[in-house]
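Structure, as structure tokens:
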Amino acid sequence: MQNLIDGRQIAADIHAETRVRVEALRSRGVTPRIVFVRVGEDPASRVYVGMKERICAELGLESTTLVLDTATPQADLLARVVALNADASVHGILVQAPLPAQIDAPTVFATVAVDKDVDGFHPVNVGRLLLGDSSGFVSCTPAGVHELLLRSGTPIAGANVVILGRGNIVGKPMAAILMQKGPGADATVTVCHSRTRGIEEYCQRADILIAAIGVPRFVTASMVKPGAVVIDVGVNRVADSSARSGSRLVGDVDFAAVQPIAGRITPNPGGVGPMTIAMLMRNTVRAAEIQHE
Ligand code: GUN
């Protein structure tokens, strides 16, 4: 069926745009540089940081990964971040979540310099987004979903958007992006979550349904209005005895059931995931451009 929103292709288009900007910086003697900080050996985080390093290399960005012991005290991590803030050769800093229990993630995110916060997690950048001030960095996953909507020609102004999930990384910033006044936004946004009563009825009214609730195959066919645009942000590991590893990743949408009803739908994998990395690369290049203006 031809109703897929191809995140891999759209990410490749954005990478091509980013590469041009990297070359322009490099011709001025500036190589955009990001430092990844990973605390402990969370297997998913190892995979994600590895993927980000690979794409950096492909696009001509420099990347360094600091791997800290799982038992690293918060004060030590904060001292590392402060040193990176002061290092003029570093344009972007990303502290990979999840972090071990002794570390308070919001404190860490608030310690990253605002102009190096390519994750868009610093309270100042979150505040700028909410205020409609485009000078800040926007969290990569919701920024990537926004680009998928824009580049797939999905009408957003006046649309009923339902976001499933109210997390700080996806749901809240996603709502802020789409409710803004202005081009590429102007949507009517509803945020549903685990305590929402009658969640099915909200979903059925959505012109654009964005699932970031973290429940495997939560969105079923009966929840989707025919012709709606469905974006699946979910990454859920579920047991699968037929898989060699004993488990596999599934999204928040029952893709097989929903695809025939949806107007457009993201595959998962191959939808939102590649866009998150594309936005991180773009944010990092922008950070380097701003720091060398
Ligand atoms: N863990 C899962 N998603 C993200 C992300 O976008 N940024 C960081 N730093 N950690 C994550």
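Quick one: which of 62-72, 223-233, 29-39 comes out on top by average Cβ neighbours within 10 Å, and what's the full order, highest first?
Details: 62-72: 14.6, 223-233: 23.5, 29-39: 20.0.
Highest mean packing first, the order is 223-233, 29-39, 62-72.
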> Short version: ³J(HN,Hα) in whole Hz for each residue of the range 4-21, in order, from phi by Karplus 6.51 cos²θ - 1.76 cosθ + 1.60 (θ = phi - 60°), x for Gly and Pro, what are they?
Replying inline: 7, 9, 7, x, 5, 5, 5, 4, 5, 4, 5, 4, 4, 5, 5, 4, 4, 5
> Simple spin-label model, 7 Å along Cα-to-Cβ: ASP186 to LEU66 in nm?
Replying inline: 4.5 nm
> So, with +1 on the Cβ of K and R and -1 on the Cβ of D and E, and no other charges, what is the size of the charge dipole of the range 75-217 about its Cα centre, to the nearest 20 debye?
Replying inline: 360 debye
> So who's got an amide H within less than 5 Å of the one on VAL229, skipping anything under 5 residues away but keeping other chains? H placed 1.01 Å off N, in plane.
Replying inline: ILE208, LEU209, GLY263, ARG264
>> What lysines does LYS181 reach when the alpha-carbon gap must be under 20 Å and sequence neighbours fewer than 8 apart in one chain are set aside?
In response: LYS172
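If you place +1 on the Cβ of every Lys and Arg, -1 on the Cβ of every Asp and Glu, and leave all else neutral, what size is the dipole of the chain about its Cα centre, to the nearest 20 Debye?
Numbers: 28 positive and 28 negative charges, 64 e Å.
Roughly 300 debye for the chain.
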> When the Karplus curve 6.51 cos²θ - 1.76 cosθ + 1.60 is applied with θ = phi - 60°, which whole-Hz ³J(HN,Hα) does each residue of the range 53-66 get, with x for Gly and Pro?
Replying inline: 4, 5, 5, 3, 4, 5, 8, x, 8, 9, 9, 9, 10, 8
> Which ³J(HN,Hα) values in Hz, rounded to whole numbers, follow from the phi angles of the range 204-221 under the Karplus curve 6.51 cos²θ - 1.76 cosθ + 1.60, where θ = phi - 60° and Gly and Pro get x?
Replying inline: 5, 8, 6, 7, 10, 10, 10, 9, 9, 9, x, 10, x, 6, 5, 7, 10, 4
> Farthest toward the dipole's positive end in the range 101-216, which of LEU150, LEU164, PHE121, given Cβ charges of +1 (Lys, Arg) and -1 (Asp, Glu) about the Cα centre?
Replying inline: LEU164
> For the range 225-252 and the range 148-174, what is the separation of their Cα centres, given in Å?
Replying inline: 20 Å
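Divide by every residue of the chain the summed helix terms, -39500 (n - 2.57) for each DSSP H run of at least 4, and state the resulting mean residue ellipticity at 222 nm, rounded to the nearest 500 deg cm²/dmol. Please list the in-between numbers first.
Details: 10 runs with 118 residues, N = 293.
After summing the helix terms and dividing by residue count, I get -12500 deg cm²/dmol.
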> Within the chain, what percent of beta bridges assigned by DSSP are antiparallel, to the nearest 5?
Replying inline: 10 percent
> If you add up the charges near PRO274, with Lys and Arg at +1 and Asp and Glu at -1, over every other residue whose beta carbon is less than 10 angstrom from its beta carbon, what do you get?
Replying inline: 0
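Each reported figure results from applying straightforward, stated rules to the coordinates on display, with no laboratory input. Since the model is a prediction, treat every value here as computed from it, not as a measurement. Don't worry about glycine lacking a Cβ; one is built from the backbone with ideal geometry, like all the others, and counts go over all protein chains shown.
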